[in-house]
Structure formats: C-alpha cells, structure tokens
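The values are calculated or read from the model by the stated rules, or taken from the named source; none is laboratory data. On a predicted model such as this, the values are computed, not experimentally measured, just so you know. Please note: Cβ atoms are built from the backbone with ideal geometry, for glycine as well, and neighbour counts cover all protein chains shown.
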C-alpha cells in the first residue's frame, strides 16, 4: 500500500511539473507577443475584467494571430455564424454552423459565461439579459452561443483596433 501511494505521489509531482512547464511556455508566448508590437492583442485582452492569461493565450493562439477582413470572417472562423434555412414561405434558424475551430468555439462559450459574471454592466450583458427575460429564461444556453459570437467580434475589435466593448470594465492598474 505504501508503494502504491508513493507511485501516485510521483505521478502527481510529474503532472505538477508539466503544468508549470506549460504555464511558463504560455507566459513566454504572451511576452513574445508583447515584445513584437507596442500593444499586441494578447496584452490588450489581459486589460479586460474576466479575461485572464489562459483565455488570452487561447484567443491569441487560436484566433487573433491571423488577420480578418470583417466580423463575419471572425465568426465563421470560430464556427459561430447563424445558419438560416429558407424554403418557400418557411424561414427559420438552424443554429450555428459548427464548421470552424471547435476549441475556439468552446472557449468563447466559456468566456461568455464569465463575461456575464465579471462584466454585469456591459452592453453585451444587458443584451443577453433582455433576450433571456423576453423568452421567460428558457433559452439561456441558446443565447449564450449568440453572446459568444457577439463577444468574439467585440474582442477581435478590441484586440485589433483597441475599441473597448461598450460599457466594459478594464482591470485596475
């Protein structure tokens, strides 16, 4: 039993070392991005409340390292654009296309939930609350995907041009 516990402790120590190494690599990537430009995308993202180094690193590595021409390209890259369907008189939405980067899409949904908690006064949060309240609170999970799309576009604009999302709070310096 003692040997088994020692093996488990060894495994735990190995995992902890690996986590520290991955965090060092992430921090080095964010610092390298900081050195490349006067104020790069990842450094700007870290200024927003609710966005930490993990999310900034994923957003920088998965989306904002490339340039996009417009907001539709950003949403399509993440697989978050709406998929309308029309046939004759029928006109309905089929949800999001899911044709883009799956990790970016799931990360944006997580960021959207955190955005609601850490940015309660932002315009995006108010938009979400109004839509959910208008439908009796039944479609929270559906609307969080729509919020993720809007938030991704707002973060792209913030990281590329420096335009702060309306009523969003920045971290204290």
Any residue at all in region 132-141 that is in the same structural domain as residue 67 (by TED's automatic domain parsing) and crowded, with 20+ Cβ neighbours inside 10 Å?
-> no
Look at region 56-85 and say how many of its residues are exposed (fewer than 15 other Cβ atoms within 10 Å of the Cβ) and in contact with a strand residue (DSSP E or B) (Cβ under 8 Å, 6 or more places away or on another chain).
-> 4
Outside any loop (DSSP other than H, G, I, E, B), more than 23 Å from residue 170 (Cα to Cα), outside the structural domain of residue 155 (by TED's automatic domain parsing) and at pLDDT 80 or above, is that true of residue 73?
-> no
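Of all residues in region 1-14, which are within 31 Å of the chain's Cα centre (by Cα) and loosely packed, with under 10 Cβ neighbours inside 10 Å?
Selection gives nothing.
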Which is surrounded by 12 or more Cβ atoms within 10 Å (Cβ to Cβ) and modelled with pLDDT under 90, of 172, 154, 148, 168?
-> 168
Would you pick out the residues in region 86-112 that are outside any loop (DSSP other than H, G, I, E, B) and surrounded by 14 or more Cβ atoms within 10 Å (Cβ to Cβ)?
-> 96, 104, 105, 106, 107, 108, 109, 110, 111, 112
In the same structural domain as residue 46 (by TED's automatic domain parsing) and within 21 Å of residue 70 (Cα to Cα): does that describe residue 88?
-> no
For residue 162, indicate whether it is within 20 Å of residue 73 (Cα to Cα) and modelled with pLDDT under 85.
-> yes
Restricting the first residue to region 150-163 and requiring it to be without any contact (Cβ under 8 Å) to a residue 40 or more places away in the chain, which pairs with a second residue that is surrounded by 15 or more Cβ atoms within 10 Å (Cβ to Cβ) meet a Cβ separation below 7 Å and a spacing of at least six or different chains?
-> 150/124; 154/124; 154/165; 163/157
